[in-house]
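The values are calculated or read from the model by the stated rules, or taken from the named source; none is laboratory data. All values reported here derive from a predicted model rather than from experimental measurement. For neighbour counting, all protein chains shown are included, and Cβ atoms are generated from backbone atoms with ideal geometry for every residue, glycine included.
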Amino acid sequence: MAGLRIKKVWVDRRVETNGLTRQLLDRLAGQPVEIVDSVEAVRRFIRLHPDPVGEGKQHLFITSQPSFIRPCPCTPGCLGCGYWTIDLDLNCPFDCSYCILQDYLNLQPLTVAVNRDELCSELEVFFRQKPSGIIRIGTGELADSLALDQLTGNSVFLMEIFRDRPGCWLELKSKAGLPPALLQVRPADNLVLAWSLNPQVVIDSEEKGTAGLEERLAAAAWAVTHGYRVGFHFDPILHYPGWRLDYERVVESIFRLVPVEAIAWVSLGSLRFPPGLLPLARRRFPQSRIYEHEFTRSAEGKYRYPRPLRQWLYNQLADMFAGFGAEDRLYLCMETVEVWQEFSAKIKRGRRNFTFPFPWQC
Amino acid sequence: MVFRIVKLSDLNLEDRRFRFTLNSADSRLLRSIRAVGVLQPVIVTARQDRQVLVDGWRRIEAARSCGLEELPALEIAEKIGDPAVFLVAFFENYGQRPFSLAEKSLAIRKFYDFRLRANEIIERILPLLELPPERRMLELMLEVSVLEERFLQVIHRRDWKPVTAEQLLSFPPEERAWLLSLIEKLTHNQQREVIESFYSLKRKTGKSLEDLVRKEKLAGPTERLLKGEISAADRLLAALREEKSPLLSGLRQAIEAEVRNLGLPEKVRLDYDRNLEKPVLRIGLEAGEVTELKEALQSLSASLENPEWRRLFQLLHYEGE
Ligand code: SF4
């Protein structure tokens, strides 16, 4: 839990006596604790802080979730990859300048759900009803999957539920190091430990509190040595003078440490964000320049790099991966059919499965 | 409250402690008062032997212009303190019309100066004003409230949103004043775009506004606009858009040059997605008869050997920085 700073723990009255709540409070012994009726009490408190988003990251709310599993909505007009999400934790102790959760979560504090029985029942139904083929599901959409793991132990808990569920791939996506607990258990075939990667200069300037590039790659290498499959996410790729060389170095470092065969997938996505994030992030990160780039607005109003630039970024990265024979692991996240078409031609996966051109099903 | 008739000369209009509204009397109100006088009483209260106006600034202004000497008023007892009296002024207006951002900021300043606790303003007053109940919004509003009158008037008249005010406040005072002279007469959307563009360019380059507008493309329209030529606003906005969007602007210019070089007949029109998200051309033909259609198609097909077509498609599929 390096870098985790909790100022106060707030417990939802409904889960006050829950066993996991007690365990969490034991692990957080010494922190001030308040029992509240709902998240509104926490929100009311953090709103009074000059930086409510940053403050929310330092208040832990222990609660129950009404439901956990939902399909990733992707973005209208983009080719969805059929991902599912488990909203087990909400918000993240790290502080990335581009993180859409700053806007999306509407001042939700760092939140941990403890009603695991309900999660298990929901997953049982999900496993029974899942369509044939491969389904990917992960906890990294509204949180960092591993940032709070030493506190919650969610990774091993989830892996055991997913073990021996062929066709259901659980992805734990993170910018943290590897939780030691994962090295003390037998890896499940269908667990993918994934790290989001960016050049160290970007990590230094835009990804406050996260593990450095070397630490993330070392974590991936450890995971592979222990028998896990890994994934990588280049998302968001940022464009700045000198970006190409920096990203090339990241790609080279991956393959110095991780064999191609151990990599399940690598996603590429370029910076994009809803309009509501713009004033908020500019205010919170006055030194960041990423919001002053050239953007276009998509049909639903999101800002993103112009298509010619996005295509260029993806194709350059595809070349870098091709140098290691790994271009077939690539896919694009939240991209339009037009960009996908040119990209598919580039990575020679061709159009044979263009309705679903993702690496785990091609 | 007690009803009475007050003399205009008895009112201390210099004392504006309860004033937060910015509208002034318009011709409709003047006409109405000229016709029937002031029917709705203003609200006053006594402070240090003089009557202070609590609400009714527009009516007083109109009454003075119409030469009235007295008008009906409701008087709040002197012993009622300023904070409670201000609540009357606030709610008397609250139900009548939405406040502009400038008025909201002035109202918040009054609550603050009348010692309402910051947390209470955040939790009770900001939601009433449809502002997010957050400390940073309170801080922003307090900053806006102390801007010079002419800034407040522009913010009021053009109905600014908080984000534009926040961007304006990020400029140092002398740049703010320069910006204000530049945009004072523009529409709300033009003002918003000019401020956002300069804000972004300044963040990106770290340059001062003075340095930014030295660029040839920006210098001309800026100068003209400062001289009062409102028509230069569109030129300035176009130049700012180009400045903020060099890749797409460059591609669009190149595409449009190729289209011009193609020299297509008048009845054939080419169109494309200006954002270049969809790398396709759309071709429109105008024909009233089969022969016209034939001619248009023939001239189009004859042009297909021109190298401009290939270059057009290359530009549409361009990828690069
Ligand atoms: S690690 Fe992910 S979830 Fe956490 S702040 Fe960064 S982008 Fe947001």
> In region A:98-114, which residues are surrounded by fewer than 20 Cβ atoms within 10 Å (Cβ to Cβ), more than 11 Å from the ligand (Cβ to nearest atom) and more than 14 Å from chain B (Cβ to nearest Cβ)?
Replying inline: A:GLN108
> In region B:171-179, is there at least one residue being without any contact (Cβ under 8 Å) to a residue 60 or more places away in the chain, aromatic (Phe, Trp, Tyr), buried (at least 18 other Cβ atoms within 10 Å of the Cβ) and within 13 Å of chain A (Cβ to nearest Cβ)?
Replying inline: no
>> Here is a check on your reading of the model: is B:ALA296 within 14 Å of chain A (Cβ to nearest Cβ), part of a helix (DSSP H, G or I), more than 30 Å from B:LEU182 (Cβ to Cβ) and touching a Leu at 6+ places or on another chain (Cβ under 9 Å)?
In response: no
> With (1) part of a loop (DSSP other than H, G, I, E, B); (2) within 16 Å of the ligand (Cβ to nearest atom); (3) surrounded by fewer than 18 Cβ atoms within 10 Å (Cβ to Cβ) as the list, and A:ASP164 as the residue in question, which single condition is left unmet?
Replying inline: (2)
> Within the group B:THR187, B:THR222, B:THR164, which residue is hydroxyl-bearing (Ser, Thr, Tyr), in contact (Cβ under 8 Å) with a residue 12 or more places away in the chain and within 12 Å of chain A (Cβ to nearest Cβ)?
Replying inline: B:THR164
> If you take the residues of region A:127-155 that are over 24 Å from A:LYS57 (Cα atoms) and outside any strand (DSSP E or B), which of them is nearest to the ligand (Cβ to nearest atom)?
Replying inline: A:ILE134
> What's the number of the condition B:ARG28 fails, among (1) within 14 Å of chain A (Cβ to nearest Cβ); (2) within 27 Å of the chain's Cα centre (by Cα); (3) in a helix (DSSP H, G or I)?
Replying inline: (1)
> Only one of (1) over 15 Å from A:PHE234 (Cβ atoms); (2) within 13 Å of another protein chain (Cβ to nearest Cβ) is not met by A:ALA318, so which one is it?
Replying inline: (1)
>> If a residue counts only when it is closer than 26 Å to B:ASN306 by Cβ, which helices (runs of 4 or more DSSP H) contained entirely in region B:172-275 have at least 2 such residues?
In response: B:246-262
>> A:PRO73 - would you say it is more than 13 Å from the ligand (Cβ to nearest atom), modelled with pLDDT under 95, out of contact with any Asp or Glu (no Cβ under 8 Å at 6 or more places or on another chain) and not charged (D, E, K, R)?
In response: yes
> Pairs, please: C-beta under 8 Å, at least 6 apart or cross-chain, first residue away from chain A (no Cβ under 14 Å) and in region B:258-280, second among the charged types (D, E, K, R) and in a loop (DSSP other than H, G, I, E, B)?
Replying inline: B:LYS267/B:GLU286; B:VAL268/B:GLU286; B:ARG269/B:GLU286
> Residues A:ASP95, A:ASP87, A:ASP51: which one is over 24 Å from A:TRP195 (Cα atoms), touching a residue at least 12 places away in the same chain (Cβ under 8 Å), surrounded by fewer than 20 Cβ atoms within 10 Å (Cβ to Cβ) and within 16 Å of the ligand (Cβ to nearest atom)?
Replying inline: A:ASP51
> Somewhere in region A:287-295, is a residue in contact with a Phe, Trp or Tyr (Cβ under 6 Å, 6 or more places away or on another chain), under 26 Å from A:THR336 (Cα atoms), within 14 Å of another protein chain (Cβ to nearest Cβ) and in a strand (DSSP E or B)?
Replying inline: no
> Just for region A:14-66: of the residues that are of a type in the set (Lys, Arg) and within 14 Å of another protein chain (Cβ to nearest Cβ), which one is nearest to A:ASP149 (Cα to Cα)?
Replying inline: A:ARG43
> Based on what the data block shows, is B:VAL163 among the β-branched types (Val, Ile, Thr) and farther than 21 Å from A:GLY276 by Cβ?
Replying inline: no
> Does A:PHE273 satisfy the criteria of being under 20 Å from the mean Cα position of the chain (by Cα) and away from every other protein chain (no Cβ under 14 Å)?
Replying inline: yes
> Any residue at all in region B:48-62 that is polar (S, T, N, Q) and either surrounded by 15 or more Cβ atoms within 10 Å (Cβ to Cβ) or touching a residue at least 12 places away in the same chain (Cβ under 8 Å) (or both)?
Replying inline: yes
> So which helices (runs of 4 or more DSSP H) stay within region A:169-257 end to end and still have 2 or more residues that are more than 20 Å from A:MET320 (Cα to Cα) and away from every other protein chain (no Cβ under 14 Å)?
Replying inline: A:200-206, A:213-225
>> Going residue by residue through region B:141-158, is there one that turns out to be within 11 Å of another protein chain (Cβ to nearest Cβ) and surrounded by 14 or more Cβ atoms within 10 Å (Cβ to Cβ)?
In response: no
